[in-house]
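J.: My questions all concern the structure below.
What follows draws every value from the coordinates through simple rules; no lab data is involved. In this text, all values refer to a predicted model and were calculated from it rather than measured experimentally. Heads up, the Cβs are rebuilt from the backbone with ideal geometry, glycines too, and the neighbour counts pull from every protein chain shown.
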Amino acid sequence: MFTGENIIQIVSGFLHWAYAQVGISALAGAIDPVITAIVMFGFISVFVMFLVWMERKVSAHMQSRIGPNRVGPFGLLQTVADAIKLTTKEDVKPVNRDKIPYFIAPIVAFVATFMGMVVIPFDKGMVVQDLNVGILYIIAITGFTVIAILTAGWSSNNKFALLGGFRSAAQIISYEVPLVLSVVPIIMITGTLSLSGIVEYQQQAGYWFIFPQIVAFIIFITSATAEANRAPFDIPEAESELIGGFHTEYSGVKFAMFFLGEYIAVVVSSAVAVTLFLGGWLPVAFLGFLHLPGFIWFLIKLVSVIYLVMAFRWTFPRLRVDQLMDFGWKVLIPLSILNILITASVWLLLYGKGAQ
Amino acid sequence: MENAIFYIIAGITVAAALMALTVRNLFHCALFLAIAMFGISGVFLYLNSDFLASVQVLIYVGAVTVIIIFGISLTRNMMDERSKAMNHQFLLSVVVAVFLTGIIVAAIQESPFFGSEHPASLVFTTVSSDQAQQPNSYEVSGHLFQNGVSYLAGALLKPENGFAFAFEFVSILLLSALVGAIVIARKDPL
């Protein structure tokens, strides 16, 4: 049975053998990260294509339609065709744009979310770089998207893009607070910021954190949906009011980068939810007899959480801007602070001391 | 090699900081400020302090720069190339700047890092999670330096270190400032 660690060992063994054959073993330290990045990029691109197909199928199912079914089996190649169309499209640029920020914004938006993938543990030992401060790193690095969105909206020299950019930034800042606060109880219990460490704690404890921390899970998923600017929190790109929000003036590859970045944000936040609340690569208890490798469990859980996020999009109506701010500041933040307080109190009562 | 990387990071930081001061377009200034802050977090990473680096990005790039962009977007004439870069408090600010530079230079010369070799290897601290509890420590010129979240938290909050009260006090101060800002900004007074 292959585990994630075995696969990594086999692949890196093969790579180092190949380096030795070509005679570049000395450069292994420099080439390995590049290959890892390319593999991650390939994985995430294909996965996002699958997700776009899945989203269209889910939405079609919920609206009693069939969805894409012309290109390839079950319409699976539809998103491939869309991607080819997007990348070969003419790049239309506004004349009075702010040239350099306009060019950099989509790249930053994509790279910032893509860098979040670095610390996601797909399986025991199957992680690009298991940072000590993993969860903090993800929160910090994905915060860059705010600047990218503001820059995109501002440099497009279009009032709808600017309005969309500001709405989006205000929303992301507001929902970042409950997102971070909902993670705090888990860090208090486990006493580590490393994502692998949190999964291993759940393995030793024998339960997933969704059971004691269901409130935190709901807050996390809600805020993560809002952070990714997805419906029902999609006023930044509300088509009927703002044309397309901050990416109104972007087309072709640059639009594709925003689009890809948005879906990677969904993948990263769902992956963090799986790791923190659903036991990461651990098998589902009553299905343990299947003996699937850890990363398969991880992907099953990941797709399930993403399905949940997609179901939100197609079942809830869009929130108005004041409702959105009220919900974030008056409901989610007090609730998450209360959750921290209750968790800490129960923890003290049960064990009489903090973690460690 | 490691020094070269330090000089690249420091060069980017200083250049971005200078650009943030001299560019006339305020929006570009804010973006250069973000680059400078990111460069500082690179310096923290170079010193093997991954927690500080993350917090630097989280607070200064993710929050402070965004607030600054919000602020300058609401000011008038932010794109005006002819607006003056200095106001009547020019001389006063020179005095403050010189004074501040003096303090920083003095602090650097006091620090045990001054004149020592590079204290830590460049590589990210990768630890398996059972080691994650133990802070990585290293020694420079007789002083023991420790890193890691739990060590930092202990240094701040353990009662015997005496910073717990100050820490809580600052938190309450910030909270009251927040509430105060909301009260002042309200249209209908309470």
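J.: With unit charges on the beta carbon (Lys/Arg positive, Asp/Glu negative), name the residue among B:44, A:29, A:235 whose Cα is farthest towards the positive pole of the charge dipole of the protein assembly as shown.
T.: About the Cα centre, the residue reaching furthest to the positive side is A:235.
J.: Spelling out what I want: for every residue of the range A:278-288, take phi, set θ = phi - 60°, compute 6.51 cos²θ - 1.76 cosθ + 1.60 (Karplus), and round to whole Hz; glycine and proline get x.
T.: 10, x, x, 8, 5, x, 5, 3, 7, 10, x
J.: Shifting gears a bit: How large is the dipole of the range A:4-351 about the Cα centre if only Lys and Arg carry +1 and Asp and Glu carry -1, each at its Cβ, rounded to the nearest 20 debye?
T.: 640
J.: Continuing with the same structure: Report the local net charge at residue A:119: Lys and Arg +1, Asp and Glu -1, summed over other residues whose C-beta lies under 12 Å from its C-beta.
T.: Net local charge, residue A:119 excluded: -2.
J.: Here's another thing I want to ask about it. Considering only Cα-Cα distances, which of the following residue pairs are longer than 24 Å: A:57/A:85; A:57/A:124; A:93/A:159; A:301/A:330; A:124/B:158; A:254/A:301?
T.: A:57/A:124; A:301/A:330; A:124/B:158; A:254/A:301
J.: If you line up the Cα atoms of the protein assembly as shown on their principal axes, what length do they span on each, largest first, in Å?
T.: Computed over the protein assembly as shown, the largest-to-smallest principal extents equal 73, 64, 57 Å.
J.: What are the ³J(HN,Hα) values, in whole Hz, obtained from phi via the Karplus relation 6.51 cos²θ - 1.76 cosθ + 1.60 with θ = phi - 60°, for each residue of the range A:67-75 in sequence order, with x given for Gly and Pro?
T.: Ordered by residue, 3J(HN,Hα) equals x, x, 8, 9, 9, x, x, 6, x Hz.
J.: Which order results if A:16, B:28 are arranged by neighbouring Cβ count within 10 Å, fewest first?
T.: A:16, B:28
J.: Summing +1 for each Lys or Arg and -1 for each Asp or Glu, what net charge is found among the other residues whose Cβ lies under 15 Å from the Cβ of residue A:8?
T.: Charge balance near residue A:8 sits at -3.
J.: Pulled fully out, how much extra length does the chain show between residue B:43 and residue B:14, if you take 0.36 nm times their separation in residues and subtract their Cα-Cα distance?
T.: Value of the extension gain: 9.3 nm.
J.: Can you list residues from other chains, or at least 5 along the same chain, whose modelled amide H is less than 5 Å from the amide H of residue A:132?
T.: Placed amide hydrogens put B:127 under 5 Å from residue A:132.
J.: Moving on. Neighbour counts of other C-beta atoms within 10 Å: give me A:233, A:327 arranged from fewest to most.
T.: Lowest to highest Cβ neighbour count: A:327, A:233.
J.: To check my understanding: the extent here is largest minus smallest coordinate of the Cα atoms along each principal axis. What are those three numbers for the range A:193-339, in Å, largest first?
T.: 51, 40, 29
J.: Could you derive backbone 3J(HN,Hα) for the range A:5-11 from the dihedral phi with the Karplus parameters 6.51, -1.76 and 1.60 (θ = phi - 60°), listing whole Hz in sequence and x where the residue is Gly or Pro?
T.: 5, 4, 4, 4, 4, 5, 5
J.: If you rank A:246, A:103, B:167 by fewest surrounding Cβ atoms within 10 Å, what's the result?
T.: Listing A:246, A:103, B:167 from fewest to most nearby Cβ atoms yields B:167, A:103, A:246.
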